[in-house]
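The values are calculated or read from the model by the stated rules, or taken from the named source; none is laboratory data. If you're wondering where the values come from, they're calculated on a predicted model, not measured in any experiment. All Cβ positions, even for glycine, are placed from backbone atoms using ideal geometry, and neighbour counts span all protein chains on display. To get the accessible areas, we keep the full protein, side chains included, count just its heavy atoms, and leave off ligands, DNA and RNA. Shrake-Rupley method; radii C 1.70, N 1.55, O 1.52, S 1.80 Å.
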Amino acid sequence: MATVNYENKFYLLEDGENVLACLERHNIDYPSSCKSGVCQSCLAQLTSGNIQENWQTGLKETYKAKNYFLPCIAKPTQDIAIKQPGLDETSFPAAINEIIKLSYNVVAVRLTINDLASWIPGQYLNLINENGLIRSYSIANLPIEDGFIELHMKLYPQGLMSNWLKHHAKLNAQVQLRGPIGECFYHNPDKKSFNMILAGTGTGLAPLLGIIRSALKQNHSGNITLLHGGCIDTDLYYQEFLRTLAKNHKNFSYLCCVLKSNGNAIEADISDELKKLLATPENCKAYICGPEVTSKKLKTTAFLAGIASKDIFSDSFII
Amino acid sequence: MSDSLFNRLGGQEAVDTAVDIFYRKVLSDDRVNYFFDGVDMDKQINKQKGFLTMVFGGPNNYTGKDMREGHKHLVAKGLNDSHVDAIIELLGGTLAELGVAESDIQEVAAIANSVRDDVLDR
């Protein structure tokens with residue numbers, strides 16, 4: 001039986017158990033979020049023992065070199081010792097500059113930070129609050145251009161970060177940012193011309209907004225079509241901005257749909273709408289964001305419509 | 001090595017080309033597509049690349065045990081010979097579409113067939 005040494009105490013791993021699950025079983029409050037090896041919220045550093053390559057899936061090289069790994073996917077068979085990475089080694093201080101209500105359950109949080117250039121629109125970052133709570137959010141704007149980083153947070157009644165934001169976060173409150181992470185962003189150094197279809201539901205709009213603004217800023221040649229979906233009319237947000245953007249850019253169009261409408265939006269399943277849009281997908285790349293179940297479905301829809309798997313970019317939210 | 005099946009088919013590049021055509025066929029075929037409900041495409045594409053590399057006779061890390069473990073949950077859902085037949089048929093259709101010679105298609109089918117008992121856990 002292998003043990004995990006954390007903060008000078010030893011915890012016995014059960015057969016096939018991952019490190020995070022073991023700590024939680026022993027009532028240790030270790031930061032985590034997706035528990036699937038994606039969000040990197042539970043990032044840990046191995047201080048003794050042997051690291052296995054698959055524990056470091058998706059980590060950047062500098063992290064790998066320092067023996068950082070993801071406890072939620074690490075299943076050691078030999079004793080290890082771990083510690084939480086120091087904030088000053090992995091994260092950057094930022095301050096809450098503004099909180100703006102976007103809809104009944106979504107707020108925009110604007111953060112100021114010294115180095116704006118490292119935060120790529122569409123990628124996601126981990127926000128760490130003063131209590132050490134960590135959650136992942138996508139970069140929804142052009143940080144360099146705007147002078148701040150904008151994140152869209154869905155407010156959950158029982159959500160820890162939601163409640164912190166609602167009741168405790170003050171303007172200028174200090175937070176830490178770690179990242180950015182993810183595969184879903186605009187990358188076109190050769191200035192190639194192609195059509196872009198972006199589809200997502202809820203706050204899946206955030207990364208898509210970042211990608212769209214990024215593409216437009218770089219004078220993307222080719223059509224850019226955004227399809228934003230929700231359950232009800234009020235799930236659609238940022239509409240005025242998007243309509244204005246469509247007015248000012250001939251190659252950008254904004255479409256939306258909801259499952260149950262009061263008459264203010266098209267009533268349709270986003271997957272069916274995407275299928276219609278992709279009736280003849282020529283020279284097209286797809287960007288898919290949002291909750292995991294919807295993303296999976298939309299990715300498959302795009303793929304079956306004929307978009308090559310390498311041209312489908314996606315980071316799903318795992319809640 | 002120049003005349004190995006894998007090289008004749010076009011190596012890794014052929015795998016990358018074939019995987020989209022093959023997986024699209026699989027997802028569009030009602031005989032087998034329900035086994036892929038709720039599956040993540042990115043992960044699945046990678047697995048399919050591994051599978052194609054193996055049946056093309058290329059370098060792969062699959063073991064019989066992997067095949068057995070990886071399909072046990074599907075066997076529990078009713079995976080049987082008819083589904084393996086369907087997959088081999090779709091594989092053949094993919095290769096035919098890419099202009100692969102019938103004799104090479106037969107060779108690929110034979111390799112795919114060789115893991116049948118592992119896949120069906122018997």
Taking the Cα centre of the range B:30-119 as origin, work out the dipole magnitude from +1 charges on Lys and Arg Cβ and -1 charges on Asp and Glu Cβ, in debye rounded to 20. 380
Percent of alpha-carbon pairs separated by more than 39 Å within chain A: 16
Here the range B:25-33 yields Karplus 3J(HN,Hα) values (6.51, -1.76, 1.60; θ = phi - 60°; whole Hz; Gly and Pro given as x) of 4, 4, 5, 9, 9, 5, 5, 10, 5
Value at 222 nm in deg cm²/dmol, rounded to 500, when DSSP H runs of n ≥ 4 in chain A each add -39,500 (n - 2.57): -6000 deg cm²/dmol
Taking the protein assembly as shown as a whole, which cysteines find no other cysteine Cβ under 4.7 angstrom from their Cβ? A:CYS22, A:CYS42, A:CYS72, A:CYS184, A:CYS231, A:CYS256, A:CYS257, A:CYS284, A:CYS289
Computed, not fitted: 222 nm per-residue ellipticity of chain B from DSSP H runs ≥ 4 (each -39500 (n - 2.57)), nearest 500, equal to -21500 deg cm²/dmol
In Å², what does the accessible area per residue of the range A:48-186 work out to with a 1.4 Å probe? 48
Show the residues, 5+ positions off or on another chain, whose built amide H is closer than 5 Å to the amide H of A:TYR287. A:ILE197, A:LEU198, A:ALA199, A:PHE313
Using the Karplus curve 6.51 cos²θ - 1.76 cosθ + 1.60 with θ = phi - 60°, work out ³J(HN,Hα) for each residue of the range A:173-180 in order, rounded to whole Hz, and write x for Gly and Pro. 4, 7, 10, 10, 10, 10, x, x
Magnitude of the charge dipole, the range A:174-243, Cβ model with Lys/Arg +1 and Asp/Glu -1, debye to 20: 320
How many square angstrom of accessible surface are buried between A and B, both sides summed, with a 1.4 Å probe and rounding to 100? 1000
Coil-residue trypsin sites (Lys or Arg not before Pro) of the range A:103-179, DSSP, other Cβ within 10 Å capped at 12: A:LYS170
Treating the beta-carbon of each Lys and Arg as +1 and of each Asp and Glu as -1, no other charges, what is the dipole magnitude of chain A about its Cα centre, to the nearest 20 debye? 600
Return the ratio Rg/(2.2 N^0.38 Å) for the range B:30-119, where Rg is computed over Cα atoms only. 1.07
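Considering only the other residues whose Cβ falls under 13 Å of the Cβ of A:LEU155, what net charge follows from Lys and Arg at +1 and Asp and Glu at -1?
+3
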Positive dipole terminus of the range A:244-319, leading residue within A:CYS284, A:SER271, A:THR294 (C-beta point charges): A:CYS284
Between their Cα atoms, which of A:LYS60/B:LYS65; A:LYS83/B:LYS65; A:LYS60/A:LYS101; A:LYS285/B:LYS25 are more than 27 Å away from each other? A:LYS60/B:LYS65; A:LYS83/B:LYS65; A:LYS60/A:LYS101
Rounded to a whole number, the mean other protein chain Cβ count within 10 angstrom for residues of B:21-27 is 2
Once Lys and Arg are counted +1 and Asp and Glu -1 for all other residues with Cβ under 14 Å from that of A:GLN218, the total becomes +2
